[in-house]
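Contents: one structure, followed by commentary.
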Amino acid sequence: MTVEPGRPPEDRRRPYLMLPPALRQAAAWSAAVVLLIAVASLAVFALVELRAATVPFVLALLGASLLYPVVPWLVRRGVGRGLAAGLTCAVLVVAVGGVIALLVNSLVHSAPQIAESLQESGRRLADWLGPLGAKVEHALGNAKGETNSLVSTLTSGVLSGLGLLTQLVTGGVLALALVFFFLRDGHRTPEAIRSYLPERAAATVTACAERAFEAMAGFMRGTTLIALIDAGFITIGLVALGVPGAPGLGALVFIGAYIPFVGAFLSGTVAVLVALADGGLGTALWALGVVLAVQMIEGNILQPVIQSRTVELHPATIMVAVVAGSGIAGIIGALLAVPVCAAGVGVISVLRGGPGRAGRTGRTGRTEG
């Protein structure tokens with residue numbers, strides 16, 4: 001090629017080679033991050049749009065992880081796996097129905113007292129705190145909602161997260177059917193995976209499924225037991241202090257235990273405000289002491305002893321997961337955020353070759369995912 005005198009030679013390299021190496025690496029990483037965010041956003045959008053199926057599926061996984069040990073126990077005693085799964089589902093329906101009836105009954109009988117106490121505590125705070133207290137009084141006065149009932153407020157919140165009542169019923173039936181199939185056929189999951197994937201890939205997928213399932217099982221069993229203990233002790237303390245609506249407040253504590261940090265804070269705050277309205281500052285301080293004592297026992301004793309190590313997450317991770325889940329799917333998203341996050345962290349640890357991969361691929365009886 002002939003170059004005219006005084007004219008610089010033309011650079012015929014590819015355009016990206018003309019950039020400095022550091023800039024090329026930054027551009028490559030930026031493109032990868034943008035692509036990852038786009039794929040994740042599409043996946044979340046699809047899950048939210050298909051929540052009529054995805055929410056029952058996740059709930060079924062949580063229920064199966066909680067009840068799975070019952071099926072092998074029945075099978076070892078001569079009961080067929082299908083019958084064992086059916087009996088377990090029947091017990092699940094009775095137990096869930098009984099718990100829901102007990103919680104609703106407690107809330108129905110206690111809601112008027114709790115609502116009136118919240119308004120009274122708002123008036124007291126308004127007198128003590130001035131303009132700031134007036135804002136608190138306004139917020140507490142609106143806590144009852146248009147129907148003047150805490151039960152209606154909670155019910156509307158749940159229904160807004162799931163959709164229409166028909167979707168709730170359909171989702172419950174679908175979740176129960178999935179629990180039955182997970183309990184009956186979950187032990188065949190590794191064989192099904194190996195039939196579709198090469199041996200090495202199948203081993204990795206099986207290990208990920210087992211790790212995710214164990215994380216969900218640890219969350220459900222530990223959280224349920226801790227919720228029962230917290231609700232029991234706080235209810236006993238409130239009854240001893242003579243706080244009105246103690247059973248309903250205990251029900252709120254039980255429900256709130258499934259939403260880490262946020263649920264405990266909200267339910268404890270309601271209990272203290274009700275105690276403030278009924279018994280004054282002294283009773284409120286005693287109620288606050290009961291709530292804080294139970295929370296300290298939970299954080300320092302119950303969580304390390306009861307909660308499985310498979311669901312140990314950093315508190316910051318849990319907070320972000322709860323906020324993100326509530327923003328995506330309301331109350332249901334907040335309830336499911338932590339177990340799903342724990343399962344995802346478990347899968348990542350397996351893919352990175354960390355604890356949870358070695359020695360788990362052969363334990364086919366624990367895989368439901």
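The values are calculated or read from the model by the stated rules, or taken from the named source; none is laboratory data. Bear in mind that the values here come from a model prediction, so they are computed numbers and not experimental data. Backbone-built Cβ (ideal geometry, glycine too); neighbour counts: all protein chains shown. Side chains included, ligands, DNA and RNA excluded: accessible areas come from the protein's heavy atoms. Shrake-Rupley method; radii C 1.70, N 1.55, O 1.52, S 1.80 Å.
Take segment 193-276 with all the other protein chains still there, run a 1.4 Å probe, and you get 38 Å² of accessible area per residue.
Annotation: extensible slack from VAL33 through LEU87 equals 14.6 nm (criterion: 0.36 nm per residue apart, minus Cα-Cα distance). Ignoring ligands, DNA and RNA, what percent of the accessible area of segment 194-337 is carbon or sulfur (1.4 Å)? Ligands and nucleic acids excluded, carbon and sulfur reach 74 percent.
Under conditions of 20 °C and 1.002 mPa s, segment 193-351 yields 126 µm² s⁻¹ as its translational diffusion coefficient, taking Rh as the Kirkwood radius over Cα pairs in the Stokes-Einstein equation. For segment 13-85, trypsin sites (Lys or Arg not before Pro) meeting the loop criterion (DSSP other than H, G, I, E, B) and having at most 12 other Cβ atoms within 10 Å: ARG13, ARG76, ARG77.
Shown in residue order for segment 249-258 are the 3J(HN,Hα) couplings computed by the Karplus curve 6.51 cos²θ - 1.76 cosθ + 1.60 at θ = phi - 60°: 5, x, 5, 5, 4, 4, 5, x, 5, 7 Hz (x for Gly and Pro).
Here the 3J(HN,Hα) profile of segment 56-62, calculated from phi with Karplus coefficients 6.51, -1.76 and 1.60 at θ = phi - 60°, is x, 5, 5, 4, 5, 4, 5 Hz, Gly and Pro shown as x. Between THR224 and VAL173, the contour length at 0.36 nm per residue exceeds the alpha carbon distance by 16.2 nm.
With R₀ set to 25 Å, the beta-carbon distance separating ALA40 from ALA316 gives a calculated FRET efficiency near 0.80.
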